[in-house]
Each structure stands twice: as C-alpha cells, then as structure tokens.
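Below you'll find the structure, written out as structure tokens, and then a few comments.
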Amino acid sequence: MQSSCAEIQAQVSDRVLEISIQRPERKNALNMAMYSAMAVLLRDAATDPGVRAVIVTGCDGAFTSGNDLTDFLGGSASGEDSPVFQFMRALYEFPKPVVAAVSGVAVGIGTTLLLHCDLAIADEHAVFQMPFVNLGLCPEYASSYLLPRIMGHAKASELLLLGRKFDAQTAANVNILNEVVYSGETLARAREYARELAAKAPEAVRLTKKLLRQGIHARGLEFIREEAGHFQQRLQSEEFREAATAFMEKRPADFSKFD
Ligand code: COA
C-alpha cells in the first residue's frame, strides 16, 4: 500500500497496515496533503482483504502536534470537503480495528483522534493537550460529545476549557488510553495488539467493533459536523488570528482587547 505523501508512511505486514506520521521538524503537525494521504490509505484499507487491523503512530518525539497552524492561518478549510474532514470521516467509519501508538506530543487532533481508535497505547513520557480554547477555537472531532461520556462532565470541562497539557497516566485514568508502557516499547506493544486482532475471525471482529460503536455512531457524526461548522468560523476570528500569530512569534496570546 502506497502513501501519496512523503510525510505519511505506510507499510503492511502480517495483515496489519502501519500508518506512520513522519514530519519531526514540525512535531508531526498535519498539513492538508498528510490528511489526504491518511484518508486515502484508510479508505483503501477498509475494503482490502489483505488488511485486518491498522496501527497509527508517529515518530520518536511526536505522535502529532495537531493541525498545522501555518495552514490554518493561510486560510485552509476544515469544512466537509476538506482533507481534514475526509480524514476524520475515514477513521470514524473505518470498519476494522485501529490501534494508536503514541510517543511524545499528542496535541489537538493528536488527542481527539484517539477517541476514534479501538485501542490506544502511549509511552510514559507522552504529553496530551486539547488547546482549542487557548487558540480561540472550539472542540473538534466529536470531542465535546464523547469526552463527557468517557470521563464525566467535570474532567471533560477541565481538559477542554483549560486546555492544559496532561500526562499519559492522567490520559489512562480518564479512559483515553488502554495502557501506558515504558519509553521505547509503544510500537512493539501496539504491534502485539494489532497482530493478535488480525489473527482473529475477521467478520466477528468487524461486527463487534460495529456493535461497540453503534451507540455513539449517529450522534457522533452530527457532532463532528456541527463542531466543524463552528471550527471553520472560528478560524476566521480575530481571537484565532491573535493566538496563532502569538504561537508563531513565540509569545503568549493577549486576549485582553476582546469582548
Ligand atoms: N503547526 C505548525 N508548526 C508547528 C506546530 C503546529 N501545530 N507544532 C509545532 N510546530 C513547529 C514549531 O513552530 C517549531 O518550529 P520552529 O523550529 O521553526 O520554531 C517546531 O515545530 C518545533 O516545535 P517546538 O514548539 O519548538 O517544540 P516543543 O517540543 O517545544 O513543543 C508542542 C511541542 C507540540 C507542545 C508545541 O510545538 C505546540 O504547542 N504546538 C502547537 C500545537 C497546536 O496548537 N496545534 C493545533 C491544535 S488545533
């Protein structure tokens, strides 16, 4: 299986497709070409009998730092026809098990995509963050719907409103992760899980995944759409412009002039 972009690598072994994000100089920030490449790989893998499970992973210091802020400042869309939405939808609807292997930073969609994987493993030094409010944005990828259900309202509010970084143990405690492993062992553990899944009866696995997700499926997509509409508008806001410019200029954002 071939990726359409150099920063997204794909390889299949033992019926497991490994999608690896490789843009270390930008902490694996995802640009439009990378989203498109991952969407195509997932759509192809969905119907490829040679793939029974998928691993999504990053490089050593980064799972992903989320959306490329330069792309967003440049006006890249996140509406329904955008590569971001295509990727979200492809993962959301993916019928086979997906295992996430997280090392380093998992920011923005780096955290929210874990809500759409079936198993998530992280190394003990991984760092998570959903900094949407800090950026003048709003939650995405159904996180405002799923997080309160996964961890309760209080914790979801804390993580989404304050937007602080949190560590792997906290992520496991609030049910975002299945397991925290020693540094350097994440991918090996994810491969163990994925190969175990790939050796099982494929139809039984797909049906079980479908049944497990059916409770959130319809509402989840509604939320993905609603949040994406707000997110798209927020990208045009002065609040986002200030936050993203501040990040590029390596200074704290100043929201004091906004009503
Ligand atoms: N978009 C664009 N560029 C990014 C980026 C992103 N999401 N995340 C990191 N980068 C760039 C940095 O600007 C920096 O570029 P430089 O070398 O030209 O200065 C480079 O990648 C390395 O990042 P740096 O900030 O030096 O690494 P760090 O280890 O100190 O911090 C993060 C890592 C992920 C915590 C920090 O980069 C960060 O907060 N990034 C923004 C995350 C974000 O807001 N994502 C969008 C969510 S919607």
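Any read-out appearing in this document is the output of simple, stated calculations on the displayed coordinates, not a laboratory observation. Just so we're clear, the structure is a prediction, and the values are computed from it rather than from any experiment. Note: ideal-geometry Cβ built from the backbone for every residue, glycine included; neighbour counts use all protein chains shown.
Just a few scattered comments:
- Cα-projected label distance for E192 with R43, points at 7 Å along beta-carbon direction, nm: 3.6
- Here the scattering of segment 8-183 is modelled by Debye summation over its C-alpha atoms, one equal scatterer each and no solvent; at q = 0.08, 0.12, 0.18 Å⁻¹ the log10 of I(q)/I(0) is -0.22, -0.51, -1.21.
- Radius ratio Rg over Rh of segment 107-259, counting only Cα atoms, Kirkwood formula for Rh: 1.02
- Cα centroid separation - segment 182-207 against segment 1-44, whole Å: 19
- For the chain, the share of DSSP beta bridges that are antiparallel, to the nearest 5, is 25%.
- Ranking of K200, K96 by neighbouring Cβ atoms within 10 Å, starting from the fewest: K200, K96.
- Each Cα pair under 8 Å and six or more residues apart adds its sequence gap; the mean of these over the residue count of segment 8-183 is a relative contact order of 19 percent.
- Highest GNM mean-square fluctuation among D68, D60, D81, for the chain modelled with Cα contacts below 10 Å: D81.
- Neighbourhood charge, 10 Å Cβ-Cβ cut-off, centred on E93 and excluding it, Lys, Arg +1 and Asp, Glu -1: +3
- Proximal charge balance of G108 [Cβ under 15 Å; K/R count +1, D/E count -1]: +2
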